[in-house]
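First up is the structure itself, then whatever we jot down about it.
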Protein chains: 2
Amino acid sequence: MTMLLRALALSALIPATAAIGQTDTTAWQIVSGLTTEIGPRLAGSEAEARAREWARAKLKALGFANIAIEPFTIRGYVRGEDRARLTAPYPQPLAVSALGYSGATPAQGIEGELVYFATFAALQAAPAGSLVGKIAFIDHAMKANQDGSGYGPYGAARRQGPALAAQKGAIGIVIRSIGTDGHRNPHTGATSWPATVTPIPAGAVSNPDADQIARIAAQGKPMRLALTLTGETKDNLPSGNVVAELVGRDPALPPILVACHLDSWDLGTGAIDDAAGCAIVTDAALRVQKKGKALRSIRVLWAGSEEIGVFGGAAYAAKHAAEPHALAMESDFGAGRVWATRIKLSAANKPLGDRISASLAEMGIVTLPGVANGGADVGAIIAAQKLAVVDLGQDGTKYFDLHHTPDDTLDKVDPAELEQNVEAWTRVLAIVANEPGPISGE
Amino acid sequence: MTMLLRALALSALIPATAAIGQTDTTAWQIVSGLTTEIGPRLAGSEAEARAREWARAKLKALGFANIAIEPFTIRGYVRGEDRARLTAPYPQPLAVSALGYSGATPAQGIEGELVYFATFAALQAAPAGSLVGKIAFIDHAMKANQDGSGYGPYGAARRQGPALAAQKGAIGIVIRSIGTDGHRNPHTGATSWPATVTPIPAGAVSNPDADQIARIAAQGKPMRLALTLTGETKDNLPSGNVVAELVGRDPALPPILVACHLDSWDLGTGAIDDAAGCAIVTDAALRVQKKGKALRSIRVLWAGSEEIGVFGGAAYAAKHAAEPHALAMESDFGAGRVWATRIKLSAANKPLGDRISASLAEMGIVTLPGVANGGADVGAIIAAQKLAVVDLGQDGTKYFDLHHTPDDTLDKVDPAELEQNVEAWTRVLAIVANEPGPISGE
């Protein structure tokens, strides 16, 4: 079939695909079931344990083999009370959520001068000792981009900002949510603390609250904040990965590994982050099998504890270090349509990469230059085994409206976009799982 | 100038109007100042008292005369802790806010079977005694309409639902928020309790949480809810109206009364409800005066305690019963553009109404049949004095995404739409405040 004819055939299929793709797919059943029947499933929590059992039962019902829960323990964060209130110059409550691994305030909270920094760089430039007894506030100007490229640089305020403020003497820190929405829903997420730094209370306020702080700061009046964040970091919390396989015609060949993460932040129900990812990779694997058993096994990894520490990815790589893998992929950027791919394959595998690109091109998906990296939960095994990788880049324009917020709920998943993801993944898996020759990343 | 020429002239002005209309207007300064420097200002609270002082200072700075704070006391509601958690079949937290005048739970909350009702009518149809020891849930299907017409019928679940559930034996009630957004921000609002009914704890969950309950109910599994709403109804809380005037050339003529309300629900900062209303009516009055002092005085009423009990409107009507008024208007439906007008004038005043309609028609505003009603805070004085009324109907398509939620914040006000409101109000006030003959509603 020529490209033109295939394109015409595909466009003729679109209405039918959209019609069947609404809510009667396996993908939708997974994202709906996990978010409704478990809901929030914070790493290390009792809910995450229920999610593992839910996953085991679901994967069994779907016909997967070799289903295993692979336990490990983590350093986790248990949320307490989160409250913030401007006490001067204009007393009013602010919407705040603690960040992961935040230090704890006493039950009655702390109170101090609130010092405004327009950017993370401005905090970096603050003199040593200048924040003694004070609370830092970091603003920023992250905007929504299709490729999510703002999260790396602007996320520094959340990842490194708390430790930096502590090193300059701050008794606490709040940041503008690392997010792009305009709702009173703060965005949580993990923070990093060097071993030499004692964590201070660290929270994020919603964007409208950050706007409020910025307006008041612009008036030049001293600000004071009362902050209560009583959550605690806890060691040795139980977590685990769920692994399952669709066994191929030649089980001796290295399998294709497809991953997502089962845990979620606690504020929402983890629909786009990352029930959708588990739904996409799992339904795609099943659809490949429905066309006839693939040559290679497809292994799904529903990782635990991605959100805080990426413990699941490390545990998987350690446990499966001795098993060769062919290629790894992960879906962990929501449920927006796939718009781009990046492919990491050895020079010898170039024809394989070309077939993947050509198939995706029929769906309007472009092949970008640059290195495919797989995703957090497959990062360790990819690095250890120099694996081949295919990234399917999702449209992240709305992702940071929802990511790590109370608003990450099922209603935000568009069934038609979810279906487009499954279709793209099915095309890639059908090609790579039926590749008879060696597959290598380098 | 013909209509066509005037329309062309107006369209030529639009870019300039939009440019000056962004954030340097008195209207923007009022909505920005009140929401930033006071923030939430619940009826009867210390913040509402600060808002009255803020209003007095602002109206003085703007050149108003006869500024008065007119105090009264109210039965108010003081929010406590709001928490809800499904305990069966799928344990998870839900986003909930208490409704005004809710009964209080003990500090440790209550727990009971959650009974799903698809509509208010379904609850009405439930047999007497069928909810003994249980918690009712009312779902509904309110949709966004430009004229806000869904709020009346669907709002019954909030206004009358709690008392109805109590009469059937319920120990508590939660409802789907009376709102049209998809965020985890419950919509609060007042409830009505007949004197014979003891209030039960009553809250609203956000729309995504209500979706969750509806999905679980559809599975047919028994649901249980743990509910903690510790807020309390309190008598004799201090409140008050702020009244000010732009004195006309003939102070003996009955004034034009323009109103808004100063109090807000406590969850947001009351930007669209109703700082915008105060901004619109006040800036419009000032713009009329800038064209040369009007014949009649224009009196602004920034009412207290509208949201709970409409106490401010009653207090105004009682205090000013002996003073004749010419015409009353209110802005209390957000900051969306004015799209329609309704006019209530005596038959003798038909030419006056025609001039208002013609002027508004130049802005694309249609005159609708039906009765103008003014608004909550001017309702009592209109009824008592059979006043003339002009309603300027705002586009409410997005209003119930925000109304009574944490999301009612300054960033939701579009400066260009706010400016269009001020322009429409200025046109109407310039006409009615310069009308020399008698103005009457009947």
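The values are calculated or read from the model by the stated rules, or taken from the named source; none is laboratory data. The shown structure was predicted, so the numbers you read here are calculated from the model rather than taken from an experiment. No Cβ is skipped: glycine too gets one built from the backbone with ideal geometry, and neighbour counts run over all protein chains shown.
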Next on the checklist: Suppose the filter is under 24 Å from the mean Cα position of the chain (by Cα), in contact (Cβ under 8 Å) with a residue 12 or more places away in the chain and in a strand (DSSP E or B); does B:Val281 pass it?
Outcome noted: no
Checklist entry - Are any of the residues in segment B:44-55 within 18 Å of B:Thr269 (Cβ to Cβ), buried (at least 18 other Cβ atoms within 10 Å of the Cβ), touching a Cys at 6+ places or on another chain (Cβ under 9 Å) and of a type outside the set (Asp, Glu)? => result yes
Checklist outcome for this item: Selection from segment B:427-440 of residues in a helix (DSSP H, G or I) and either among the basic types (Lys, Arg) or buried (at least 24 other Cβ atoms within 10 Å of the Cβ) (or both) yields B:Arg427, B:Val428, B:Leu429, B:Val432
Item to check | Conditions (1) buried (at least 17 other Cβ atoms within 10 Å of the Cβ); (2) touching a residue at least 40 places away in the same chain (Cβ under 8 Å): number failed by A:Ala372 | outcome: (2)
Checklist entry - Among the residues of segment A:88-105, is there at least one that is out of contact with any helix residue (DSSP H, G or I) (no Cβ under 8 Å at 6 or more places or on another chain), surrounded by fewer than 15 Cβ atoms within 10 Å (Cβ to Cβ) and outside any strand (DSSP E or B)? => result no
Item to check | Single condition A:Arg224 does not satisfy, out of (1) of a type in the set (Lys, Arg); (2) modelled with pLDDT of 95 or more; (3) over 23 Å from A:Val174 (Cβ atoms) | outcome: (3)
Checklist entry - In segment A:426-433, is there at least one residue being within 30 Å of B:Val96 (Cβ to Cβ) and touching a residue at least 12 places away in the same chain (Cβ under 8 Å)? => result no
Checklist outcome for this item: Exactly one of A:Arg56, A:Arg41 is within 20 Å of the chain's Cα centre (by Cα), within 17 Å of A:Asn241 (Cβ to Cβ), touching a residue at least 24 places away in the same chain (Cβ under 8 Å) and not assigned by TED's automatic domain parsing to the domain that holds A:Gly100, and that one is A:Arg41
Next on the checklist: Condition first: touching a Lys or Arg at 6+ places or on another chain (Cβ under 7 Å), among the hydrophobic types (A, V, I, L, M, F, W, C), modelled with pLDDT of 95 or more and part of a helix (DSSP H, G or I). Can you find one or more residues in segment B:16-28 that meet it?
Outcome noted: no
Item to check | Criterion (buried (at least 24 other Cβ atoms within 10 Å of the Cβ), touching a helix residue (DSSP H, G or I) at 6+ places or on another chain (Cβ under 6 Å) and under 26 Å from B:Leu262 (Cα atoms)) met by exactly one of B:Gly179, B:Gly76 | outcome: B:Gly179
Next on the checklist: Looking at A:Arg184, A:Arg215, can you tell me which residue is touching a residue at least 24 places away in the same chain (Cβ under 8 Å), within 14 Å of another protein chain (Cβ to nearest Cβ) and basic (Lys, Arg)?
Outcome noted: A:Arg184
Item to check | Residues that are touching a Pro at 6+ places or on another chain (Cβ under 9 Å) and charged (D, E, K, R), drawn from segment B:333-356 | outcome: B:Arg342
Next on the checklist: Filter segment A:34-56 down to the residues that are farther than 22 Å from A:Thr188 by Cα and more than 11 Å from chain B (Cβ to nearest Cβ) and list them by number.
Outcome noted: A:Arg52, A:Glu53, A:Ala55, A:Arg56
Item to check | Evaluation of B:Ser346 against (1) over 23 Å from B:Gly441 (Cα atoms); (2) touching a Ser or Thr at 6+ places or on another chain (Cβ under 6 Å) (one fails), failing number | outcome: (1)
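So that you can scan it fast, the table gives a plain yes or no per residue for (1) over 19 Å from the mean Cα position of the chain (by Cα); (2) closer than 30 Å to B:Lys293 by Cβ:
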| residue | (1), (2) |
| --- | --- |
| B:Ala170 | yes, no |
| B:Ile178 | no, no |
| B:Pro186 | no, no |
| B:Ile213 | yes, no |
| B:Glu232 | yes, no |
| B:Asp235 | yes, no |
| B:Pro254 | yes, yes |
| B:Leu267 | no, no |
Item to check | Residues that are more than 11 Å from A:Asp139 (Cβ to Cβ) and either touching a Phe, Trp or Tyr at 6+ places or on another chain (Cβ under 6 Å) or at pLDDT below 95 (or both), drawn from segment A:108-128 | outcome: A:Leu114
Next on the checklist: Yes or no: segment B:202-212 includes at least one residue that is free of Cβ contacts under 8 Å to residues at least 12 places away in the same chain, within 14 Å of chain A (Cβ to nearest Cβ) and at positive phi.
Outcome noted: no
Checklist outcome for this item: Quick count over segment A:173-205, residues being closer than 13 Å to A:Asp82 by Cα and of a type in the set (Gly, Ala, Ser), is 3
Checklist entry - From the list A:Thr367, A:Thr409, A:Thr341, A:Thr426, which residue is closer than 18 Å to A:Asp274 by Cβ and β-branched (Val, Ile, Thr)? => result A:Thr409
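How many residues, within segment B:290-323, are in contact with a helix residue (DSSP H, G or I) (Cβ under 7 Å, 6 or more places away or on another chain) and modelled with pLDDT of 95 or more?
17
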Checklist outcome for this item: Of the listed residues (B:Val413, B:Val366), the one being assigned by TED's automatic domain parsing to the domain that holds B:Leu262, surrounded by 15 or more Cβ atoms within 10 Å (Cβ to Cβ) and either under 18 Å from the mean Cα position of the chain (by Cα) or over 30 Å from B:Ser97 (Cβ atoms) (or both) is B:Val413
Checklist entry - Looking only at segment B:258-278, which residues are more than 13 Å from chain A (Cβ to nearest Cβ) and more than 17 Å from B:Asp411 (Cβ to Cβ)? => result B:Val258, B:Ala259, B:Cys260, B:His261, B:Leu262, B:Asp263, B:Gly277, B:Cys278
Item to check | Any chance A:Gly248 is under 23 Å from A:Leu86 (Cα atoms) and more than 14 Å from chain B (Cβ to nearest Cβ) | outcome: no
Checklist entry - Within the bounds of segment A:54-61, is there any residue that is in a loop (DSSP other than H, G, I, E, B) and at pLDDT 95 or above? => result no
Next on the checklist: Could you tell me how many of the residues in segment A:37-83 are basic (Lys, Arg) and within 16 Å of A:Cys278 (Cβ to Cβ)?
Outcome noted: 6
Checklist outcome for this item: Counted residues in segment A:287-317 being without any contact (Cβ under 8 Å) to a residue 12 or more places away in the chain and not in a loop (DSSP other than H, G, I, E, B) come to 1
Checklist entry - Among the numbered criteria (1) free of Cβ contacts under 8 Å to residues at least 60 places away in the same chain; (2) more than 13 Å from A:Trp425 (Cα to Cα); (3) over 23 Å from the mean Cα position of the chain (by Cα), which single criterion is violated by A:Ser357? => result (2)
